[in-house]
Amino acid sequence: MKPDLLPRILAGLVPLLLAACSTAPAQAPPDPVETARQFGARRLDAVLAGAPQAAEWDRAQWLRAALQLNPHLQEVRAEADAVAAGERTAAQLPNPTLNLFGEYVTAAGESAAWLYGLSLDFLLQRPGERSRARRFAALRTQAARADVAEAIWQLRSALRRSLLDSVAAQQEVPLLQALCDERQALLASARLRVRAGESAGGEALAAELELQSAEQRLRQAQTRSLDARSRLAEAVGVPLAALQAVQPRWEGWDEAGALEAQDTARWRQDALVARPELVRALREYDLADNAVQQELGRRWPQLHVSPGYAWDRGGVHENQFDENLGENQLGLSVELPLFNRNEGPIGEALAQREHAGRHVVAVQAQLLAQIDRAEQAWPAAQAHWRSAVAAGQLAARQRDAERRAFDSGASDRPALLQAEAAVLEARLLGLQAAYEAQLALGELEDAYRRPLEGPECELAPAWRVEHAA
């Protein structure tokens, strides 16, 4: 080999080393002041192309907006992308290591001279190690996608609940205000009767207590309305100011009799095998099993092959310590299993796999219990709503009869006011029963991880895991 070989090799390696040292694109760190300003400036206008104004949105349009804007969902998606990036890393082959050296050698009967050389260290991966690494990365990606599916459903659930609370409060507050007016009129009538000596003071005290109770319920409903609006803004991913002029709508939310859950047997079976929590648990078991195979594979020796070249002014040599120098050298290093055969890590991996298997069973049992509770609660809530509707109809008939009696002079005004208040109380009970029925239906949807009614059914099932198998 010619003496100028080393400079040529180095000249060829420099571009490779420079390419390996290239930097990532620069990115400025988040500025809390700027990010807060940007979030505060968010509005619902032009979020959905071609959609009507936010005040006219249905639940599907609210969900579309939340899927675009919710910061937590964006974070979970970014985390899943970061995990998926590991698949490219797992597919890479390990790079060799280049060693350059120089030695000052004195040979017997000859003058001393410098000896130059280089060697490459190649890692020979154990059988199946690269495929296990790629499978590990793919399983982590699937688990992260299950987390995204679960985050989407949790967002949908929170959005539905906040919309329900908001529209329920919108209908409840006017009824409670009317009830307060009726109670105020009853209190005034009772006080007049007390002054006229037609009634004892206890009647006025009872009317005053009922008025205070109605006013307290009104304040609580107003507080719930404000809280629901705040939670709606949080779910969508906008500041509260973005909802100032928006009154959410939900047509027919209080008609619980129209809500029907059909084909529950198939939905139940799908939930027991494909809910995101179960998919995540299954992928964790697969990861644990992959770890067992990885630790078993480490019983094979790890080989390093190191071919090298050395030369002086006379040419290329094999062994710089031998006077009869040749041209090539080859090194081989291997870990010797003298003190252990990786039994400890294998035992740990086996225990982790056993735990992962138990976790799958526990998660599935938890899902089954949740589905059973939801399936039992839903018919009971519907029956309660029907009973409340019947009570409201009875109160309305009694009010009409009392009004006819009052018009004919057979009854007095306090009796009519009591009948009017009873109708309002019945309507409030009907709203509460409808609200509880909607909560029960929401629990059933949470158990099945699918919408059972409404415009959201027309959306693509983004909350479901596409890789249940």
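For the chain, the equivalent ellipsoid built from the Cα gyration tensor has semi-axes of 78, 26, 18 Å, listed from largest to smallest.
Taking 7 Å steps out from each Cα toward its Cβ at GLU453 and HIS72 produces label points 2.7 nm apart. A simple spin-label model places the labels of ARG37 and LEU330 6.7 nm from each other, with each point 7 Å out along Cα-to-Cβ.
Under 14 Å from a label point set 7 Å out along the Cα-to-Cβ vector of LEU272, the amide N atoms of segment 439-455 belong to 448. Computed packing ranks the peptides 214-224, 399-409 as 214-224, 399-409, most packed first, by mean other Cβ atoms within 10 Å.
The calculated P(r) of segment 392-431, using every Cα pair and 5 Å bins from 0, goes 7, 30, 28, 19, 11, 4, 1 in percent.
What is the Å³ per residue value for the convex hull set by the Cα atoms of segment 155-206? It would help to have the intermediate numbers written out before the result.
On the way: hull volume 3.1 nm³, N = 52.
Dividing the Cα hull volume of segment 155-206 by its residues yields 60 Å³.
The mean of 1/r over all distinct Cα pairs in segment 81-202, once inverted, gives the Kirkwood hydrodynamic radius of 24.0 Å. Taking 0.36 nm per residue of separation and subtracting the Cα-Cα distance, full extension of the segment from ARG413 to TRP114 would add 95.6 nm. Counting neighbouring Cβ atoms within 10 Å and putting the fewest first, the residues ILE371, ILE346 line up as ILE346, ILE371. With r defined as the distance between the Cβ atoms of ASN95 and GLN432 and R0 fixed at 51 Å, what FRET efficiency is calculated, to the nearest 0.05? Rounded to the nearest 0.05, the efficiency is 0.15. Between the beta carbons of THR223 and GLU348, assuming R0 = 56 Å, the FRET efficiency works out to 0.60 to the nearest 0.05. With Rh defined as the Kirkwood radius, the inverse of the mean 1/r over Cα pairs, the Rg/Rh of segment 208-293 is 1.24. Distance between the pseudo-spin-label points of ALA383 and ALA55 (7 Å out from Cα toward the beta carbon): 4.3 nm.
Taking only the C-alpha atoms, wrap a convex hull around segment 366-469 and report its volume per residue in Å³ as a whole number. Intermediate results must be reported in sequence, preceding the final value.
Working: hull volume 11.0 nm³, N = 104.
Normalising the Cα hull of segment 366-469 by residue number yields 106 Å³.
In terms of other Cβ atoms within 10 Å, VAL33, VAL389 run from fewest to most in the order VAL33, VAL389. A simple packing score, the average count of other Cβ atoms within 10 Å per residue, orders the peptides 96-102, 232-238 as 232-238, 96-102, with the highest score first.
All alpha carbon pair distances within segment 142-245 were sorted into 5 Å bins beginning at 0; the resulting P(r) in whole percents reads 2, 13, 14, 13, 11, 10, 9, 7, 6, 5, 4, 3, 1, 1, 1, 0. Based on Cα contacts under 8 Å between residues 6+ apart, segment 74-180 shows a relative contact order of 31 percent.
Considering only Cα atoms, the convex hull volume of segment 110-152 works out to 98 Å³ per residue.
In percent, rounded to a whole number, the relative contact order of the chain is 22, using alpha-carbon pairs under 8 Å and six or more apart.
Taking only the Cα atoms of segment 134-175, the radius of gyration and Dmax are 18.3, 62 Å.
Pulled fully out, how much extra length does the chain show between ASP181 and ASP81, if you take 0.36 nm times their separation in residues and subtract their Cα-Cα distance? Walk me through the numbers before you get to the answer.
Numbers: separation 100, 0.36 × 100 = 36.00 nm, distance 5.74 nm.
Gain in length upon complete extension: 30.3 nm.
Laboratory data are not the source of any read-out in this text; all were calculated from the coordinates shown. As the structure is a computational prediction, the values presented were derived from the model and not from experiment. Glycine gets a Cβ as well: all are built from the backbone with ideal geometry, and neighbour counts include every protein chain shown.
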